[in-house]
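Novice: The following block contains the structure, expressed as structure tokens.
The values are calculated or read from the model by the stated rules, or taken from the named source; none is laboratory data. As the structure is a prediction and not an experimental result, all values here were calculated from the model. Reconstructed Cβ throughout: ideal geometry from the backbone, glycine too, with neighbour counts over all protein chains shown. For accessibility, only protein heavy atoms count, side chains too; no ligands or nucleic acids. Shrake-Rupley method; radii C 1.70, N 1.55, O 1.52, S 1.80 Å.
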Amino acid sequence: MAGDTHCPEEPLAGEGTLWEALRALLPHTKEDLKLDLGEKVERSVVTLLQQATELFYKGRRAECLQTSEVILDYSWEKLNTGTWRDVDKDWRQVYAMGCLLKVLCLCQAPGDATTVAAALRVCDMGLLMGAAILGDVLLKVAAILQAHLPGKRPAHGSTPEQPCTKVDVENPDLEKFPKFAEAPFVSCILSPGEVLFIPVKYWHYVRALDLSFSVSFWWS
């Protein structure tokens, strides 16, 4: 991703360190903010992505936001038409791009913490349901948004409320951690459609036996 913050296609509304940090992640021109999509994505959707990108670079925030929401609504349907393994990666990229454009539109004008939190939720959905785009730009956007939401969530890389053990559970070093051999535990295997609730502050270890993904949420 290019880091040039100057854009010849002014105006781009928005002031402050948040917008400057986000804008620095984006390419110099709209031609570089695009996806290489296959034939499974309809031409009309590709056109919508191009229109939304052009609206963003022209500073037409409200219209860009509206177009990005149309992209999200349509691609969401594509993500939920069958089993997850049958969802084409290109549609996941379309969804991620829609999330990126919506986040940028929300943050382009000066806003409050509520707006930043809303943008972060959109970013989270893009990371969860979408696919990596433009050099994992959504991860970088999420880190910036978290940094501008003090006291709400820890930034990537910090773990004050997410402790983890140094013990290799499957091959423990009992000389270094002798008490681990005495630790009581319960084990189980989850089948498709089942869920396991882990109470707060309970240590746990998970290993996938098949293709899967997991989501962790630390309740405040």
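Novice: Would you pick out the residues in segment 87-108 that are of a type in the set (A, V, I, L, M) and within 14 Å of ILE144 (Cβ to Cβ)?
Specialist: Selection gives LEU100, VAL103, LEU104, LEU106.
Novice: If we keep just the residues of segment 5-22 that are over 20 Å from LEU55 (Cβ atoms) and open to solvent by less than 90 Å² (accessible area, probe 1.4 Å), which is modelled with the lowest pLDDT?
Specialist: Applying the filter and picking the extreme gives GLY16.
Novice: Let me ask another. Among the residues of segment 188-201, are any of a type in the set (Asp, Glu), modelled with pLDDT under 90 and part of a loop (DSSP other than H, G, I, E, B)?
Specialist: Checked against the condition, which is being of a type in the set (Asp, Glu), modelled with pLDDT under 90 and part of a loop (DSSP other than H, G, I, E, B), segment 188-201 yields at least one hit.
Novice: I'd like to know if segment 135-156 contains one or more residues that are at positive phi, modelled with pLDDT of 85 or more, part of a loop (DSSP other than H, G, I, E, B) and not aromatic (Phe, Trp, Tyr).
Specialist: Yes, segment 135-156 contains at least one residue that is at positive phi, modelled with pLDDT of 85 or more, part of a loop (DSSP other than H, G, I, E, B) and not aromatic (Phe, Trp, Tyr).
Novice: Only residues in segment 30-57 that are within 18 Å of ASP88 (Cβ to Cβ) count as the first member; pair them with residues that are in a helix (DSSP H, G or I) and among the acidic types (Asp, Glu), Cβ under 7 angstrom, at least 6 apart or cross-chain, and list the lot.
Specialist: That search, which allows pairs on different chains as well, returns LEU37/ASP90; GLY38/ASP90; LYS40/ASP90; VAL41/ASP90.
Novice: Before we move on, is THR159 at pLDDT below 75, surrounded by 10 or more Cβ atoms within 10 Å (Cβ to Cβ) and over 30 Å from THR29 (Cβ atoms)?
Specialist: no
Novice: Which of the residues spanning segment 124-143 are under 14 Å from VAL94 (Cα atoms) and either in contact with a strand residue (DSSP E or B) (Cβ under 7 Å, 6 or more places away or on another chain) or small (Gly, Ala, Ser) (or both)?
Specialist: Result: GLY126, GLY130, ALA131, ALA132.
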